[in-house]
Amino acid sequence: MRFVIHRGAKEIGGSCVEVQSGKSRILIDLGLPLVDPKDSSKKLEVNLRRESPARLRERGILPPIRGVWKDLHDGPAVDAILLSHPHQDHHGLLSLVRPDIPVYLSADALRILRRSDAFIKPGANIHNAQFLNHRRAKIVERTPFVVTPFAMDHSAFGALAFVVEADGKRLFYSGDFRGHGRKAALFEELCSKPPRAIDRLLIEGTTLGSASHEERTEEKLEEDLKALYSRYSGLKLVSVSGQNVDRMVTLYKSCKDSGRTFVLDLYTATILEGTKRSSIPHPGPDWHDKRALRVIYTPKYEDILRQHPAYHEVLELAEPFRIEKDEIAKDPGRHVMVFRDSLLDDYTALGDWGKGVLIYSQWSGYRKDPGFAKVDAVLKRRGMDIKPCHTSGHASKAQLKRLVQALKPKILSPMHTFHAELARELWRNVELLEDGRSYEVWGGKMR
């Protein structure tokens, strides 16, 4: 068994690994890069709907993998794609693949992707989904590969790691994970009952270049949010990913405990309804707390849902939770609202926000995006502060070390990092890899 990292050996984003056994091939993830392939100092700017596949290849955005892209007839299709989780830097190129290629993922991840497809164009558009269940081995059809998935704690819902077996070798692909979220028990379970005889570990290294520290738990974040709310008498906006389900639970609990109302936009409401979990706040008949959870309708998102037959029901489910703008305007200080740049004009129409705050609850680097400049200008005119209140979706160095200690791989290689070389400061059995090169999973010795 051999593998090629097509992208991700020395960068965060665009993850894609090809695993080969004889003539059989599978991919693990097929992500959209975060940085420009021609200049990693620049954020990638791309429109997949407007740029041709040929142009995307010319820009280095589509990795050169045979039997994947639907615009090419370049031999047999890859046998399958394993999807670790529903973040675009891991699935963002799926809309361009041959529709007959099966995509193996968790049922939770598929529900999230189906709902986000209504809002994000192009979406993942998975045509041939195959479900993977926690710790249950599955043979990839017509191949020698056996895949065992492990549910992981991550900011994405339905995240998986994989053991891939063939030719008597075992490769562990960690995907993105952490050990301090609301699903931390999954990390503890993996560390206490790890798979054995791992030949090669491909481990995410997002935090390798960061200072060593323990990340805040979501429970600690709840307390920090409540403290922030008490300092501002006006509207509280929270800049946060609608797909960060853990954070939505944290925000809801912090509002309920402090006597405030958590207001979802329709996109976030659609995502949360798609989790199908009674423990996760969502608009629906089984969620009875309509004082602490409300939904604001905005024209753009309402139109999207009305034009999408599969999700008309979301509008019906959300109607009992609907909050009008004048109700928020009467008492802005009571309300904590999910915010993203595209909602700025709708929220500006609410009128006076009072002495409010924008709570930034995602990676701070997004504030450098050009679209945030307009938000920043509006906040300054209204005298609004910006306060960070976030914890990472990625493992700390201590958590990385715990996983390695549990798995005891013969050899490990970091990916999903700009600082792969720093792995050698943590472990001795490290092999640094290059994008585009073929490697044995384990050849019996360190190179």
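Couple of notes before you dig in:
- Flag for LEU190 being under 22 Å from PRO86 (Cα atoms), out of contact with any helix residue (DSSP H, G or I) (no Cβ under 9 Å at 6 or more places or on another chain) and not assigned by TED's automatic domain parsing to the domain that holds MET337: no
- Strands (runs of 3 or more DSSP E) fully within region 1-117 that include at least 3 residues being surrounded by fewer than 18 Cβ atoms within 10 Å (Cβ to Cβ) and in the same structural domain as GLU431 (by TED's automatic domain parsing): 39-43.
- Test for ASP199: is it of a type in the set (D, E, K, R) and assigned by TED's automatic domain parsing to the domain that holds ALA269: no
- Filtered residues of region 250-278 (kept if part of a helix (DSSP H, G or I) and within 16 Å of the chain's Cα centre (by Cα)): TYR267, THR268, ILE271, LEU272, GLY274
- Selection count where residues are under 30 Å from the mean Cα position of the chain (by Cα) and part of a helix (DSSP H, G or I), scope region 315-332: 7
- For first residues located in region 13-26 and within 18 Å of GLY168 (Cβ to Cβ), partners that are among the small types (Gly, Ala, Ser) and lie 6+ apart or on another chain with Cβ distances below 6 Å form the pairs SER21/ALA166; ILE26/ALA80.
- All conditions but one from (1) touching a helix residue (DSSP H, G or I) at 6+ places or on another chain (Cβ under 7 Å); (2) at pLDDT 95 or above; (3) of a type in the set (A, V, I, L, M, F, W, C); (4) buried (at least 20 other Cβ atoms within 10 Å of the Cβ) apply to ALA129; the one that does not is (4).
- Strands (runs of 3 or more DSSP E) (entirely within region 333-424) containing at least 3 residues that are buried (at least 20 other Cβ atoms within 10 Å of the Cβ) and outside the structural domain of GLY14 (by TED's automatic domain parsing): 335-339, 357-360
- The residues of region 193-234 that are out of contact with any strand residue (DSSP E or B) (no Cβ under 8 Å at 6 or more places or on another chain), loosely packed, with under 15 Cβ neighbours inside 10 Å and of a type in the set (A, V, I, L, M, F, W, C), listed by number, are ALA211, ALA227.
- Residues in region 189-228 that are without any contact (Cβ under 8 Å) to a residue 12 or more places away in the chain and of a type in the set (A, V, I, L, M, F, W, C) were compared, and the one that is nearest to VAL146 (Cα to Cα) is ALA211.
- Checked against the criterion of being at positive phi and touching a helix residue (DSSP H, G or I) at 6+ places or on another chain (Cβ under 9 Å), region 218-230 has no qualifying residue.
- The one condition from (1) farther than 13 Å from CYS389 by Cβ; (2) not assigned by TED's automatic domain parsing to the domain that holds HIS90 that THR207 does not meet is (2).
- Qualifying residue in region 322-342 (condition: touching a helix residue (DSSP H, G or I) at 6+ places or on another chain (Cβ under 9 Å), of a type in the set (Val, Ile, Thr) and farther than 29 Å from MET384 by Cα): no
- Taken as a whole, region 292-314 holds at least one residue that is surrounded by fewer than 17 Cβ atoms within 10 Å (Cβ to Cβ), at pLDDT below 95 and not in a helix (DSSP H, G or I).
The values are calculated or read from the model by the stated rules, or taken from the named source; none is laboratory data. Please read all numbers here as calculations on a predicted model, not as lab measurements. Every residue, glycine among them, receives a Cβ derived from its backbone with ideal geometry; neighbour counts consider all protein chains shown.
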